[in-house]
Amino acid sequence: MSRDIHHFFNGKSFEGQSGQYGDVYNPSTGEVQARVQFATVDEVNAAVAGAKAGQQAWAAMNPQRRARVLMKYKMLVEAEMDSLAEMLSSEHGKVIADAKGDIIRGLEVVEFAMGVPHLMKGEYTESAGPGIDVFSMRQPLGVVAGISPFNFPAMIPMWFMGMALSTGNALVLKPSEKDPSVPVRLAELWMEAGLPEGVLQIVHGDKTAVDALLHHDDIKAVSFVGSSNIAQYIAATCANNGKRFQAMGGAKNHGIIMPDADMDQVVKDFLGAAYGSAGERCMALPVAVPVGQDTADEFVARMKEEAQKLQVGVSTDPDAHYGPVVSAAHRASIEKWIQTGVDEGADLLLDGRDFSLQGHENGFFIGPSLFDKVTPEMTSYQEEIFGPVLQVVRANDLEEAASLPSQHQYGNGVAIFTRNGLAAREFAAKVNVGMVGINVPIPVPVAYHSFGGWKRSAFTDTNQYGTDGIRFFTKIKTVTQRWPSGEIGDQAFVIPTMQ
């Protein structure tokens, strides 16, 4: 019998009354293993009210004490790494090693946020005018919301948690309904670490819950990661309601392969970046752009040979390179895009649609697919497939190759593989993409920098985590003060100037 996954309000599990549920599958078997409650508007409002009630005391706590809660939380998550990874894999489908990476990358943001006593310091100017000092302070926004996707059920919620909570906000998180158990368990660990009740609330649901957060007057900011169409909707709705927003969308990341690249390393990097985690990453590398006919021929031949060796298995198989995709509907979408590529005239060298895992025939598995001679006019190139599908677009020179990611509607990440430092430097400076890797296939920035794409990959001016995250979750207040001595008399206040 499947279990029910409840909301998390005021430090404990909360059973809603909507009567609406979503199925949570085990992607390796195709079976329903749980159902998750969907919140009503009233239940979302109750979560926000609880967060508002707890936020002010949390914000008033000195930042060192908040940082100590983060330190304790990190220790608790590390102690449960194995069980969290197994829980994550059972609902998402990624293999255990990938699941642990999901958790660790989230913890790195929490580690960065431990420096909040320093990160929230303001600025001070003495004697900006006669007897006048000016200083600034960073203050939390109040209650904020995070809406996270299915593909990183630990990392992205921890982006929100680390940044929003360390800066003194209360957070209402709406995780993906496809794999909600890990976010709930992470919330329980926050309570064990000493986070006050109500400061972190979790509501499950669909568009009803999302819209309730977007339109709630007490939600001051929304951070979202997901598809571009939803990101654009969230950005527009938040703007219309006077809320701050981070709205990160989809991607179609390109890897430029120069003739002088180390082809052994290139093939190895593409195997992991294009097919790892079944391609369900916004920083996957689903487009290869070899420069020159010889480079393309060698790359395609070697990728075809090596991709056929990839082992697809259940998420608990230690020898599997990747596991199933998250749902039957998503597998069907990937298969449809493969057929679209065929219909558009691309050369399908490997077809993963017929893959079946013995003993797990009902699982949501799909084998590695490889297309050659894809062109920019094809819709299968223009849109995000989000699966284990690599498309090869051949280019004659670097200028043509660089124009592809620069002109694409998405601008999340890009990589160039070369031994030529000058070519790499100029490429990095000119390419119209937000995150660039030089001989690095998945250029996700470390936690003390920040994550964010361009164009339809990000509807925001402020990136995720790093110092940008601190800026997003805080507001600046600037104070100009004077402490006169003696009688003021008829002296008038004069605004300081440079004269």
Next item on the list: From largest accessible area down, sort 245, 371; use a 1.4 Å probe on the protein chains.
Entry: 245, 371
Notebook entry, point to check: Out of (i) 82, 63, 48; (ii) 87, 63, 40; (iii) 80, 57, 45, which label holds the value of Cα extents along the principal axes in Å that was computed here?
Noted result: (ii)
Item checked: Per-residue [θ]222 nm for the chain (sum of -39500 (n - 2.57) over DSSP H runs n ≥ 4, rounded to 500) -> -12000 deg cm²/dmol
Checklist line | Leading residue at positive end of dipole, the chain (Cβ point charges), from 421, 129, 321 | finding: 129
Margin query: Under 16 Å between alpha carbons, and skipping anything fewer than 8 positions from residue 220 in its own chain: which aspartates and glutamates qualify?
Written below: 211
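DSSP loop (so not H, G, I, E, B), at most 12 other Cβ within 10 Å: list which GluC sites (Glu not before Pro) in region 217-326 pass both filters.
Values: sites: 280, 298, 305, 306; in loops: 280.
Answer in residue order: no site qualifies.
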Notebook entry, point to check: If ligands, DNA and RNA are left out, what is the accessible area of residue 125 with a 1.4 Å probe, given in Å² to the nearest 10?
Noted result: 70
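What ranking of 281, 66 comes out by heavy-atom accessible area, probe 1.4 Å, highest first?
Values: 281 40, 66 10 Å².
In descending accessible area the options line up as 281, 66.
Find how much the distance from residue 355 to residue 430 grows on full extension, using 0.36 nm per residue of separation minus their present alpha carbon separation; answer in nm with one decimal.
Working: separation 75, 0.36 × 75 = 27.00 nm, distance 4.07 nm.
So the extension gain works out to 22.9 nm.
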Check: Within the accessible area of the chain, what % is carbon and sulfur when the probe is 1.4 Å and the other protein chains stay in place?
Finding: 49
Item checked: Qualifying aspartates and glutamates (Cα of each under 19 Å from Cα of residue 72; at least 8 residues distant if same chain) -> 80, 82, 108, 111, 188, 192, 197
Note to self: For the chain, what does the accessible surface come to per residue with a 1.4 Å probe? Please give it in Å².
What the structure shows: 42
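What does the charge add up to near residue 344, with Lys and Arg as +1, Asp and Glu as -1, over the other residues with Cβ less than 14 Å from its Cβ?
On the way: positive: 336, 373; negative: 343, 347, 372, 377, 383.
Within the 14 Å Cβ shell, the charges total -3.
To the nearest 20 debye, what charge dipole does the chain have about its Cα centre, counting +1 at the Cβ of each Lys and Arg and -1 at the Cβ of each Asp and Glu? If you can, show how the numbers build up before the last one.
On the way: 41 positive and 58 negative charges, 323 e Å.
Here the size comes out at about 1560 debye.
At most 10 other Cβ atoms within 10 Å and a DSSP loop assignment: could you name the GluC sites (Glu not before Pro) in region 6-81 that fit? Kindly include the intermediate steps, with their values, before the conclusion.
Values: sites: 15, 31, 43, 78, 80; in loops: 15, 80.
Of the GluC sites (Glu not before Pro), the ones in loops of region 6-81 whose Cβ has at most 10 other Cβ atoms within 10 Å are 15.
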Notebook entry, point to check: Which value, in Å² and to the nearest 10, is the accessible area of residue 336 when all protein chains are kept and the probe is 1.4 Å?
Noted result: 150
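Which of the pairs 100/475; 12/207; 100/430; 100/252 have their Cα atoms more than 30 Å apart in this structure? Don't jump to the answer; show the numbers that get you there.
On the way: 100/475 34 Å; 12/207 24 Å; 100/430 35 Å; 100/252 25 Å.
Flagged as over cut-off: 100/475; 100/430.
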Check: Around residue 380, what is the net charge, scoring Lys/Arg as +1 and Asp/Glu as -1 over all other residues with Cβ under 11 Å from its Cβ?
Finding: -3
Margin query: Which one, 34, 60, 90, is farthest towards the positive end of the dipole of region 1-122 when Lys and Arg carry +1 and Asp and Glu -1 on their Cβ?
Written below: 60
Item checked: Relative contact order for the chain, counting Cα pairs under 8 Å that sit 6 or more residues apart, in percent -> 18
Notebook entry, point to check: Where the centroid of each part is defined by its Cα atoms, how far is region 132-167 from region 276-306 in Å?
Noted result: 36
Notebook entry, point to check: What is the dipole size for region 111-257, taken about its Cα centre, with +1 at each Lys and Arg Cβ and -1 at each Asp and Glu Cβ, in debye to the nearest 20?
Noted result: 440
Check: Taking only the alpha carbons of region 323-374, what extent do you get along each of the three principal axes, in Å, biggest first?
Finding: 35, 19, 14
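So how do 460-469, 339-348 stack up, highest first, on mean other-Cβ count within 10 Å? Walk me through the numbers before you get to the answer.
Details: 460-469: 20.9, 339-348: 15.3.
Descending packing order for the listed peptides: 460-469, 339-348.
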Note to self: Cross-link candidates for residue 309: which aspartates and glutamates have Cα within less than 17 Å, leaving aside residues fewer than 8 places away along the same chain?
What the structure shows: 264, 269, 317, 319, 351, 354
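The values are calculated or read from the model by the stated rules, or taken from the named source; none is laboratory data. Computed from a predicted structure; not experimentally measured. Cβ sites come from the backbone with ideal geometry, for glycine too, and all protein chains shown count toward neighbours. With ligands, DNA and RNA removed, areas are computed over all heavy atoms of the protein, side chains included. Shrake-Rupley method; radii C 1.70, N 1.55, O 1.52, S 1.80 Å.
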